[in-house]
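See below for the structure under consideration.
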Amino acid sequence: MKLDLHIHSEKSCDSFMKVKNIIAVAKKIGLDCIAITDHNALPKVKAQEKDGFFVIPGEEVLTQRGEIIGLNLTEKIKPLLSVGETLDKIREQGGTVLIPHPFCVIEKCLLCNYGNIPKPFLFEAFNGNIPLNYFNTIAKNYGKKHNYAMVGSSDAHVYEYIGYGYTELDTDASSIDDILKELLKGKGVPVGDRVSPKSASLDVYFNSFTHPLARFITWFKDWR
Ligand SMILES: [Zn+2]
Ligand SMILES: [Zn+2]
């Protein structure tokens, strides 16, 4: 099974992708499971399985110390809470914690600022969207050393980079809960060796330029 558990749709202030099209692209390139994880928002999709293809709604929540992804959520979580509160809010609703780009200082990385996160969580050892693959190398080594349950993901904000980083999972699990349980046991293998060539897309330039401002506006609106 191939999974890309970190993709942004139009509910993120820095992506214009529609859920329907994300699913179509993901299927076309051979993924079996995706999570749509919008910035401080839930995507316009419910957890679902159709013809062996799984869609998991999630949120990439900005905390006071960096970003944390909650997978399989039903309720939106407010940004700018403490790390502990955010972890509790994910787990209270039966969600699974994923630590994205743990060492990328340019993104809002949690492990540069925090550290010692209580298990269980998934650890993003490869992120296809960060500016330097070096930060993935650090993450992968750290994850191996600490025996973390590792995943790889694209963090795609445009269609062409969906699956640019994914997780291989050898399983016959047939529900989202079981898939996430298997991943938490450390059975996933992160796949990806280069970050996406952003120069290929003007969209990405545009997004990365407007990204900080747009994100700030979203947080501010949520926070008020
Ligand atoms: Zn992020
Ligand atoms: Zn992201």
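The values are calculated or read from the model by the stated rules, or taken from the named source; none is laboratory data. The structure presented is a predicted model; accordingly, all values stated were derived computationally and were not measured. Here the Cβ is made from the backbone with ideal geometry for all residues, glycine too, and neighbour counts use every protein chain on show.
Against the numbered list (1) surrounded by 20 or more Cβ atoms within 10 Å (Cβ to Cβ); (2) within 15 Å of Leu169 (Cβ to Cβ); (3) out of contact with any Phe, Trp or Tyr (no Cβ under 6 Å at 6 or more places or on another chain), Asp4 comes up short only at (3).
If you go through region 41-74 and pick out every residue that is closer than 24 Å to Ile117 by Cα and either within 11 Å of ligand 2 (Cβ to nearest atom) or in a strand (DSSP E or B) (or both), you end up with 14. Against the test of being more than 21 Å from Gly143 (Cα to Cα) and touching a Ser or Thr at 6+ places or on another chain (Cβ under 6 Å), the options Val19, Val55 yield a single qualifying residue, Val19.
Of the residues making up region 81-98, those that are buried (at least 24 other Cβ atoms within 10 Å of the Cβ) and β-branched (Val, Ile, Thr) are Thr86, Ile90, Thr96. Where helices (runs of 4 or more DSSP H) fall entirely within region 75-166, those with at least 3 residues that are of a type in the set (A, V, I, L, M, F, W, C) and without any contact (Cβ under 8 Å) to a residue 40 or more places away in the chain are at 83-92, 133-145. Checking each residue in region 41-80 for being of a type in the set (Val, Ile, Thr) and exposed (fewer than 15 other Cβ atoms within 10 Å of the Cβ) picks out only Thr74.
A Cβ distance below 6 Å, combined with a sequence gap of six or more or placement on separate chains, defines the contacts here; from region 49-60, residues that are touching a residue at least 60 places away in the same chain (Cβ under 8 Å) reach residues that are of a type in the set (A, V, I, L, M) and within 16 Å of ligand 1 (Cβ to nearest atom) in the pairs Ile56/Ala35; Ile56/Leu71. As a summary of the residue check, Asp38 satisfies the conditions (1) surrounded by 17 or more Cβ atoms within 10 Å (Cβ to Cβ); (2) within 16 Å of ligand 2 (Cβ to nearest atom); (3) in a loop (DSSP other than H, G, I, E, B); (4) of a type outside the set (Val, Ile, Thr) except for the one numbered (3).
A quick yes/no check of all residues on (1) more than 26 Å from Cys13 (Cα to Cα); (2) among the β-branched types (Val, Ile, Thr); (3) modelled with pLDDT of 95 or more; (4) surrounded by 12 or more Cβ atoms within 10 Å (Cβ to Cβ):
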position: Lys140; (1), (2), (3), (4): yes, no, yes, yes
position: Ser153; (1), (2), (3), (4): no, no, yes, yes
position: Gly163; (1), (2), (3), (4): no, no, yes, yes
position: Leu169; (1), (2), (3), (4): yes, no, yes, yes
position: Leu183; (1), (2), (3), (4): yes, no, yes, yes
position: Val191; (1), (2), (3), (4): yes, yes, yes, yes
position: Phe206; (1), (2), (3), (4): no, no, no, yes
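Scanning region 101-120 for residues that are more than 16 Å from ligand 2 (Cβ to nearest atom) and at pLDDT 75 or above gives Asn116, Ile117, Pro118, Lys119, Pro120.
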